[in-house]
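The values are calculated or read from the model by the stated rules, or taken from the named source; none is laboratory data. Bear in mind that the values here come from a model prediction, so they are computed numbers and not experimental data. Note: ideal-geometry Cβ built from the backbone for every residue, glycine included; neighbour counts use all protein chains shown. Ligands, DNA and RNA are stripped out before the accessible areas are found, and what is left, the full protein with its side chains, is counted by its heavy atoms. Shrake-Rupley method; radii C 1.70, N 1.55, O 1.52, S 1.80 Å.
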Amino acid sequence: MTTLRGIATALRRPGSAADRSAGSPAVGTAVRSPYSAAQAGAAQAGAAGPGSRRTEPDAPGAADRRAGPRARGRAWQVIVGLAVVAGLALGGAACGPRGAGGAAEDSEGAIALLLPEVKTARYETADRPAFAGVVERRCPDCEVYYANADQDAAIQQQQAESMLARGADVLVLDAVDAVAAVSIVQQAERYGVPVIAYDRFIADADVDYYVSFDSELIGYLQGTALVAALKERAPRTGGDPPGILLVHGSPTDPNSAELAAGVDRALDGEDIEVLAEYDTPDWSPDKATDWVESQLTQYAGRVDGIYAANDAIAGGAIAAMKAAGIEPVPPVTGQDGELAAVQRILTGDQYMTVYKAATEQARTAAELAVRVLRGESPRTTAVIDGVPSLLLAPRAVGVNDIERVIVNGGVHSVDDICTRYYEDACTRAGLLQEAP
């Protein structure tokens, strides 16, 4: 049986299918984070192709060269290790010049964190507290201004304007709408306030740094897992290829296009029929449920698997299939490592998720923000469209990976996962011992 761990091994193997499709040898170095023992970086493989967006890792002085024309296009290069923050931890922490405005007189400065929505659990449960914790530890005299836009770009614009007017010295922005966010970046530039694009890239805007995960690699991991799951199933009668639905993320989130590109690469050359695909407004699980319900009617008996861009969308797709009486549920992908997704994987309702260490991402962004506030020029690991970037590595998680990645990594505890309803599934997976 093909496992997700086996897929990851194949990705690391020189000459693997991933390498052949990309046209270059595997690249990767594992690094462990100094902030948490939760994750070690997983080695992955990849290469930039024609029209690639990513360039080589940043060298000293690269930030100063950003005034020139920016490279256009999209592609991915492996950036391995959740511990890119390790590089930030090096170097002095002397106070330096700050941006325009300023916080209270007894404050070293103010860092503004703007998050996009609350439907995805990670933002309030992981990103926000992790970010605030690092700022408090690294800069006790700094203030943190925080706001969540609840998926409303106009509200996020108002929140950013308010924080700039209050004297924010650094803006860390996870955009609701990457196009609309350009005006936020422009306004920050007028105030002389540096902007760190967080989680979602903002194209055609003069952002100073970008902190995120390799979204195309995430999509590739999802797509590769789905392909493997479909190959394990018995072939269709009559020799027809398996059919799948692609339920993408929000069309206003640039990560959705990156994810889709990774999935397309995984599906390239496979005998799999894409029945239909959908861009889910606002990453809404309810809208995903409605769309999947309609497709199950249109393609009755033909849906053998579903690519779901994240765990919330996966939950919506699975709800639609259960409502239609489909048992067992065919393979469904996900992303984020949410508790509900982990429990669905244990019961067999969801095939896999991709875990992104949101706490490490938030800590990395917070460390970066403090150093930028103090006038430093931190090293980065990549350059995307001319923007110095820090990219963290994702981890594919199937049922056999939950203990190693999720439990031992401190993401979710056995007590949280194995509530009464899931005790039998946890016992089967080895998370609980069978009662004598």
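Of note:
- Solvent exposure of region 238-357 amounts to 34 Å² per residue of accessible area, where only protein heavy atoms count and the probe is 1.4 Å.
- Members of Lys119/Lys356; Lys231/Lys287; Lys287/Lys322; Lys119/Lys287 lying beyond 24 Å, as alpha-carbon distances in this model show: Lys231/Lys287
- Nonlocal amide H pairs with Asp199, under 5 Å, H built at 1.01 Å: Val211, Ser212
- Solvent-accessible surface of region 113-181, averaged per residue with a 1.4 angstrom probe and all protein chains in place: 38 square angstrom.
- Region 184-240: C-alpha gyration tensor shape, a/c 1.5 cut-off, then a/b vs b/c: prolate
- Gyration tensor verdict on region 96-212 (Cα atoms; rounded if a/c is under 1.5, prolate if a/b is larger than b/c, oblate otherwise): oblate
- Distance from the alpha carbon centroid of region 149-219 to that of region 267-284 works out to 29 angstrom.
- Shape category assigned to region 267-343 from the gyration tensor of Cα positions, a/c cut at 1.5: rounded
- Highest mean packing first, where packing is the average number of other Cβ atoms within 10 Å per residue, the peptides 139-149, 269-279, 331-341 line up as 331-341, 139-149, 269-279.
- Whole-Hz ³J(HN,Hα) from phi, Karplus 6.51 cos²θ - 1.76 cosθ + 1.60, for region 240-250, glycine and proline x: 5, x, x, x, 9, 10, 10, 10, 7, x, 5
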